[in-house]
Every structure is written in C-alpha cells, then in structure tokens.
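The values are calculated or read from the model by the stated rules, or taken from the named source; none is laboratory data. Predicted, not measured: the structure shown is a model, and the values here were computed from it. Ideal geometry is used to build each Cβ from the backbone, glycine not excepted, and the neighbour counts take in all protein chains shown. In case anyone asks, the SASA skips ligands and DNA or RNA and just uses the protein heavy atoms, side chains included. Shrake-Rupley method; radii C 1.70, N 1.55, O 1.52, S 1.80 Å.
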Amino acid sequence: MKIAIGNDHAAYELKHHILKYLQDKGHEVINFGVDTGERTDYPCRAEDVAKAVTSGQAERGIVICGTGVGISIAANKVHGIRCACVSEPVSARLCRAHNDCNMIAFGARIVGPQLAEAIVDAFLETEHEGGRHAERVKLIMKLEQEQTTH
Ligand code: RB5
C-alpha cells in the first residue's frame, strides 16, 4: 500500500521505527516528517500528509506528534480527511471498520514502538464495513460540506 507518514520533532524516533516497519512489510512510504529533533509545527506536517491522501498520492496517512492530538486535529481540518487519534489497536481497527478513517494519529509520548506497530497493523489491515456505518460516514461528510456552503 502507498502510505504517507508525517511527524513533528517530538516523534521523529518513533516515525523512523514505524517507517522501517512498514517498508519491511513491503509498503511504499512517503515521508513528510522531520527526521531529527529540529523543531517543526505539527499542523504543517499534518497538512502535507492530509493533502497527499486527498490528492490520491497516498492511500492512507499516518501522523505522529507528542500526543497525537494536535496533529489529528489539524489533519481533520483538511476536507476529505477522517483522522482518528488512537492509543491502542482496537480503536485503530474500529476507526476503519466503522468510520472509514483514511488517516490515523498517535502520540510518541503516549505509545511505545510495539504498541505503535500493532496500531498501524490494525489500521492498515481493516476494511470499512459499509452498510449502516457508511450512512453515518456520509452524514459526517455532509457536515463538512455544509461548512463550505454556509
Ligand atoms: C510539541 O511539543 C507538542 O506540543 C506536539 O508534539 C503535540 O503533542 C501537540 O499536540
């Protein structure tokens, strides 16, 4: 799968770990994050990944900051993005199955490398269930549409 990844300075070590983990599994990963502890603004890193997803450059996006919170809020401001901030694999699976999330966020100060691996596996391996869940996702996107037309 083609995956965009992004991170701020709080998360460069975990990003490197997950980037290699995904590449070893055969995924193509586009790296929009910083690779060292140099300070960067997480909303900008979220924007790069989110736009790669909405443009079709990547199928899914993964963003990491200190908590996962700021970078997920920023990603969700880009129209077409549904990004869940999670800290365990059950939510990572259900955000795909129920919410059809195209991005996921987590915090390098919250989850360790092995938990992060389980989170990305659950996110990438789960398909959207459709049905009643698809109707609710449509309602989410209708809310977004209404914000642009009012
Ligand atoms: C950076 O220090 C930190 O604020 C950021 O990584 C993130 O946790 C924000 O939500």
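Label-to-label distance, GLN147 versus ALA118, with points set 7 angstrom from Cα along the beta-carbon direction: 3.2 nm.
Of the heavy-atom accessible surface of the chain (probe 1.4 angstrom), what whole percent is carbon and sulfur? Please report the intermediate quantities before stating the final value.
Numbers: 3750 of 7500 Å².
With neighbouring chains kept in place, the figure for the chain is 50 percent.
Helix content alone sets the calculated 222 nm mean residue ellipticity of the chain: runs of n ≥ 4 DSSP H residues at -39500 (n - 2.57) each, divided across all residues, give -15500 deg cm²/dmol. Where a Cα-Cα gap under 25 Å defines reach, which lysines qualify for LYS15, not counting those fewer than 8 residues away within the same chain? Straight-distance partners of LYS15: LYS2, LYS25, LYS51, LYS77. Radius of gyration over Kirkwood radius for the stretch 16-56, both on Cα atoms: the Rg/Rh ratio is 1.01. Reported to the nearest whole Å, the Cα centre-to-centre distance from the stretch 66-135 to the stretch 18-56 is 15. Per residue, the solvent-accessible area of the stretch 60-150 (1.4 Å probe, heavy atoms of protein chains only, all protein chains present) comes to 49 Å².
Across the chain, the fraction of Cα-Cα pairs farther apart than 22 Å, rounded to a whole number, is 33%. Treating r as the C-beta distance of HIS16 and ARG136 and R0 as 25 Å, the FRET efficiency rounds to 0.10. Sites count as exposed loop sites when they are trypsin sites (Lys or Arg not before Pro), lie in a DSSP loop, and have at most 16 other Cβ atoms within 10 angstrom; the longest stretch of the chain without one is 110-150.
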